[in-house]
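Worksheet: the structure to be examined is printed underneath.
Please treat every number below as a calculation from the coordinates, not as lab data. Predicted model, so just to flag it, every value in this text is computed and none were measured. No Cβ is skipped: glycine too gets one built from the backbone with ideal geometry, and neighbour counts run over all protein chains shown.
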Amino acid sequence: MLFFIVYTPLKFRFGSEWIKGSMIHLLCIAIGCFISFQNNIQHQPSWIGYTYQEGNTVKLTLIEPTIEKDHFYKSVARIDAVQKDQKWINATGKILVYIRKDSMSSQLVYGSQLYINAPATAITNAGNPGSFDYARYCLFLGITHQAFINNNQYVFIQNTIPSYVYYYLYKLRDNVLSSLKIYLPHPHAYGVAEALLIGYRNDLDREIVQAYSNTGVVHIIAISGLHLGMLYGSMVLFFNLFKKRRWIMVIKPIVILIVIWGFALIAGGVPSIMRSAFMFSFILLSGIINKHSKIYNTLSLSALCMILYNPFCIWDVGFQLSYAAVLSIIMYSAKIKEWFYFRNRIMQYLWNLNAVTISAQIWTFPLIIYYFHQFPKLIVISNLIVVPLSCLILFAEIFLLIIGTIVPAFAIISGKIVQFSIELMNWFIQTMSSVKSGIWEGLKVDTVQTILLFGVIFCIIGWLENKSKQRLIMAMAIFNIVLFIRCIDCIFKTNQHTLIVYNIPKYSTIELMNGIQTISLMDTGIDGENSFIYSFHLKPAHIQNRAEIVTRPSIPNTFLFQNKRIVILNKALKPVFPQQPIPVDLLIISHNPPVSLGQITKVFNCKQIVIDGSNSMWKTGQMIKENKTLLLPLFTTQDKGAYIQAL
């Protein structure tokens, strides 16, 4: 249709340019749909989900180095083939493998090929209210299955090299990690050092990560454009020393591109660093061809290349926050810098740094609230100290690695200085994080409210720039709509009466929500509101339901809630059965009680039976098989997620 419109006579095209524009937009949408379809591994005819059945042997290749955990080694593997009816069928896809520790598994490396006969199950979500969609996250990475492999469920074939580029990059990364651990012996120091230098976060302490997140400086330990920006700026300053030499015009962009992309690949090619690598590459290329386009075009082109390569990066939180922050800085940092002027260079530098931090929050603020339900109030103070300090630490780490290969004795002294600097930065961050009023928590906005908040910000900026009263009135009107939606949701949540049986592996947690007040019946192993289990499984549900724990009593055997009789069965039944089964509205089975469904039916007449996540997979499977003949109303949280009943 576009071709037809372009080549129609001029008299027919006059006044119909909107049709041509519509056709161009439809063409772009069609290309996007096609690329998205092709990038979804589930649409490939040879996807493992179409060929694999439980009991089949799978041939796979590890495409990432193994990560050591407490009882197993974790890695990502590429599916090569599936054995079906004594024949090998080519298959595609990626799978998360968890291999139990033994003498053989400790020797597995990048490129190791294995035969496994452990069940490859589809990755599912925990299914708790407000929880992270882990299955979709893995799908966007091409990973759809996982396998927990015991020592007798795999056979080592051989070591191969799937990609020489990644093989040598992983070797280089391992050398960097080993050097940092030698010169920075403290776990908290080398964990932050690894994350700061190459984005390796497997050795980071959870409390450290939470502290960085609470103070709004998590981008320091999440490899990002900040790191590439520092490298790019330092290389530009270095080559400016030789700008009078003719050959520098050729050498400069080549060397900078090699360093940028080498650093990006060593850092694992994560989306955040790849976005920055694309953007700096386009800035260099535009300088070579003498077409200094506006930064908006460069930013858009880098985003377009990322989306064409992987359309699912649009749903990546880091992608959205990165481009929102860069766009905010480009649009408003210069204007904010003009608010104050200091003759003192140090004071002017500090204000310029604050101006960049403030401007970055303008378009990221709604996204931060939407995804993380909190906003760090001390973000300006934290960035004022941490950003310059982290820059110095980054260059000190690079110097440490270089000097370590030349003068190891001097590297020991340098390592102590770097370790002291990191410990100082960690102390400052943890101190700031401990300030009780430093975080604005419990913020809940839905998609509609987030879009409306963007509209409010847009109108306020228009009012400040153009002094337009209409923009101010429009901003107030949109914000009132946001408040109205929030009030309606608060009224609804105030009148809720909900019972939730959570799906938490190895733990039993039941919550009774009466309005916004919550009675939480949880195991003693969950250490309160500061524990990882609470933050990951319970806190999202509390934010979604605007709930707050008012009491944590011990778990009873039976209780009433909204005139419903609820029984928690976590031990053996008495050998004497009643003449008539006791009527029960809800029976919750937890912690692998030595009972069968047949015995339960002799004691209780249940309207609903729930098996929670504290039970073993074996126990749950046994009860599911038994129920095929009994046909009881059975719900398993391990398969279906949290059990939620509005009463």
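Just a few scattered comments:
- Each part gets one Cα centre, and for the range 398-430 versus the range 439-504 those centres are 46 Å apart.
- Distant-in-sequence amide contacts of Thr57, defined by a placed amide H-H separation under 5 Å and a gap of 5 or more residues or a different chain, comprise Gln83.
- Estimated vicinal HN-Hα couplings, Hz - the range 171-183 in sequence order (Karplus 6.51, -1.76, 1.60; Gly, Pro = x): 5, 5, 5, 5, 5, 4, 5, 5, 5, 5, 5, 6, 8
- Environment charge at Ser46 (Cβ cut-off 15 Å; Lys +1, Arg +1, Asp -1, Glu -1): +4
- In degrees, nearest ten, helix 225-240 long axis to first principal axis of the chain (Cα): 20
- Taking all Cα pairs closer than 8 Å and separated by 6 or more residues, the relative contact order of the chain comes to 10 percent.
- The angle between the Cα long axis of helix 447-466 and the main principal axis of the chain comes to about 30°, on a 0 to 90 degree scale.
- Net charge of Cβ neighbours under 14 Å - reference Ile123; Lys, Arg +1; Asp, Glu -1: +1
- Taking θ as phi - 60° and the Karplus parameters 6.51, -1.76 and 1.60, the scalar couplings of the range 317-328 work out to 4, x, 4, 5, 5, 5, 6, 5, 5, 5, 4, 5 Hz in sequence order, x denoting glycine and proline.
- For Thr92, the residues whose modelled amide H falls within less than 5 Å of its own, excluding neighbours fewer than 5 places apart on the same chain, are Trp47, Ile48.
- ³J(HN,Hα), Karplus 6.51/-1.76/1.60, whole Hz, each residue of the range 22-35, x for Gly, Pro: 5, 5, 5, 5, 5, 5, 4, 5, 5, 4, x, 4, 5, 5
- Chymotrypsin sites (Phe, Trp or Tyr not before Pro) within the range 292-357, DSSP loop, no more than 10 other Cβ atoms inside 10 Å: Trp339, Tyr341
- Between Phe72 and Lys101, the built amide H atoms are under 5 Å apart, and every one of these is 5 or more places off in sequence or on another chain.
- Beta bridges by DSSP in the chain, antiparallel share as percent, to the nearest 5: 70
- Span from the the range 54-123 Cα centroid across to the the range 354-374 one, whole angstrom: 41
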